[in-house]
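A quick write-up on the structure given underneath.
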Amino acid sequence: MLQPPMDALMPTVAAVARDGVGGVLRSTLPPITVPAWTSMLTGRDPGELGVYGFRNRRSYGYDDLVMATSEGVRFPRLWDRLTRAGRPSVVVGVPQTSPPPAVDGVLVCGFEGPVAGGGTFTHPPEFADEVANVVGEYLFDVPEFRSAGLDDVLATAYRMTERRFTLMRHLVTTRDWDLAMIHEIGPDRMHHCFWRYHDPLHPGHQPDSPYRTAISDYYRFLDERVAELIEAVGPDTAVLVASDHGATAMHGGVCVNEILRAAGLLTLHSEPPGPMPLSRDMIDWSRTRVWGEGGYYARIFFNVADREPQGIVPRDQVSALTEQVRALLSRTDLGEPGVLHNQVYTPGELYRRVRGIPPDLLAFFGAEKWRAIGSVGFGQNWVKTNDTGVDEANHSRNGMFALRVPGQAPGAPTTASIMDVTPTVLELLGLAADPTLPGESLLGQLGAAP
């Protein structure tokens, strides 16, 4: 959790919750940027979206993965519904908006930046000139934040956030809009780089580090930018602040492919000389039944006959294999001495509908305090570090929200679902409710007008 408490760290956001309603916002599973933001803005879960992470299988080929882009969003996001109604929006920095989709209004794509080769990052394309005139070089993200120096990460995070909010203040005061949305990736990058210095419960906490206040200082800076933006839109505007997930100290990583190798489910052509990423050409597919991908959670894939190119698992054995792997990864002794609480699901157990080509299993380790490590060659079940660079925090399911609506009295703190955001904003905008959505509007949590 963030310390000190929200009232001291982000007084503006705390005031929004106090004057309206706020609390925990439960994320999607997996609780990661893509698909969580798109779930928030469509009201559809990752299975319905067919998006299970930044990269998704396009076919059952072993290496046929594609990045999640705006072109893969199959359901209308909030600004799409407004566009159909002929009403304008201002959208800045929202994930999975590259290439920039058409919108009534203006849009700057998310932290992924321009699509490769095209270079376009705004809608309309000529809007990029106005962006440059207002902020100079627009910064999408902190480049290579897992390997950059910490001082460079700090400087870039502040500069990026300042420019994004400067642009947003300009847009909300110079354009007509019914919906204005800004997404800031800075907090996520700060968490991953500085959490050990911030959180006393982090196993590697360094209370005397010069970076011990880096996260709290950044959040106070961010809160000031939020205050300026709220002042710019005026007191008659409804305000919603939300995160797509929370953060927690990363204690280590579970080496999923090492566990699968030890169980005889994954076979390599030769023993790795040391820790290294698992590539598809390293795998002996004639003797491999299961393999995994690492990240904030593990994506587990079966090598099914007549499905994968060299599949060997008969389809009538998939159910038994599912339970075998579930039991293997649900063990509580996968990490360092102590107990890990692990959860392993099939997509059908998590989602209302399963589209695209999902993993066969999704595994979450140690109440999200442990990552999934996809590399091989460790010779053990767990490691203390991430295999893709610096990482001090993992994503957690509990994010936050704060909502204030002019003319409505405050409500009691509550726990809501990320799926509740779309129904809430639809009601705020006076758009028709969508009965096919699983979420509920949060406006019922507020008191009646005084």
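Observations, loosely collected:
- Residue in region 258-280 that is within 15 Å of ALA372 (Cβ to Cβ) and acidic (Asp, Glu) present: yes
- The one condition from (1) open to solvent by 70 Å² or more (accessible area, probe 1.4 Å); (2) within 30 Å of THR436 (Cα to Cα); (3) without any contact (Cβ under 8 Å) to a residue 60 or more places away in the chain that ARG353 does not meet is (3).
- Close pairs from region 207-227: first over 14 Å from VAL241 (Cβ atoms) and modelled with pLDDT of 95 or more, partner outside any helix (DSSP H, G or I) and among the hydrophobic types (A, V, I, L, M, F, W, C), Cβ under 8 Å, at least 6 apart: ILE215/LEU2; SER216/LEU2; ARG220/MET10
- In summary, helices (runs of 4 or more DSSP H) completely within region 186-279 and bearing 1 or more residues that are open to solvent by 20 Å² or more (accessible area, probe 1.4 Å), under 21 Å from GLY295 (Cα atoms) and aliphatic (A, V, I, L, M) occur at 256-262.
- Only one entry of GLY117, GLY110, GLY93, GLY50 meets the criterion of being farther than 21 Å from SER243 by Cβ, at pLDDT 95 or above and either among the small types (Gly, Ala, Ser) or within 20 Å of the chain's Cα centre (by Cα) (or both), and that entry is GLY50.
- Cβ-Cβ under 8 Å pairs, at least 6 apart or on other chains, region 423-450 side free of Cβ contacts under 8 Å to residues at least 12 places away in the same chain, far side among the aliphatic types (A, V, I, L, M) and open to solvent by less than 60 Å² (accessible area, probe 1.4 Å): ALA432/LEU426; ALA433/LEU426
- Single residue of region 281-318 satisfying the filter (assigned to a loop (DSSP other than H, G, I, E, B) and of a type in the set (A, V, I, L, M)) that is least open to solvent (accessible area, probe 1.4 Å): ALA305
A quick yes/no check of all residues on (1) β-branched (Val, Ile, Thr); (2) open to solvent by less than 30 Å² (accessible area, probe 1.4 Å); (3) in contact (Cβ under 8 Å) with a residue 40 or more places away in the chain; (4) closer than 19 Å to ALA180 by Cβ:
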| position | (1), (2), (3), (4) |
| --- | --- |
| ASP104 | no, no, no, yes |
| PHE111 | no, no, yes, yes |
| VAL115 | yes, no, yes, no |
| HIS123 | no, no, no, yes |
| ALA132 | no, no, no, no |
| LEU150 | no, no, yes, no |
| ARG159 | no, no, no, no |
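- Count of residues meeting criterion [of a type in the set (Val, Ile, Thr), buried (at least 17 other Cβ atoms within 10 Å of the Cβ) and assigned to a loop (DSSP other than H, G, I, E, B)] in region 384-429: 1
- Pairs with Cβ under 9 Å, 6+ apart, first in region 180-204 and β-branched (Val, Ile, Thr), second open to solvent by 30 Å² or more (accessible area, probe 1.4 Å): ILE185/PHE111; ILE185/PHE140; ILE185/ASP141
- Wholly enclosed strands (runs of 3 or more DSSP E) of region 8-89 bearing at least 2 residues open to solvent by less than 20 Å² (accessible area, probe 1.4 Å) and within 27 Å of ILE283 (Cβ to Cβ): none
The values are calculated or read from the model by the stated rules, or taken from the named source; none is laboratory data. These numbers come from a predicted model, not from an experiment. Every residue, glycine among them, receives a Cβ derived from its backbone with ideal geometry; neighbour counts consider all protein chains shown. Each accessible area value is taken on the protein alone, full model and side chains, heavy atoms only, with ligands, DNA and RNA left out. Shrake-Rupley method; radii C 1.70, N 1.55, O 1.52, S 1.80 Å.
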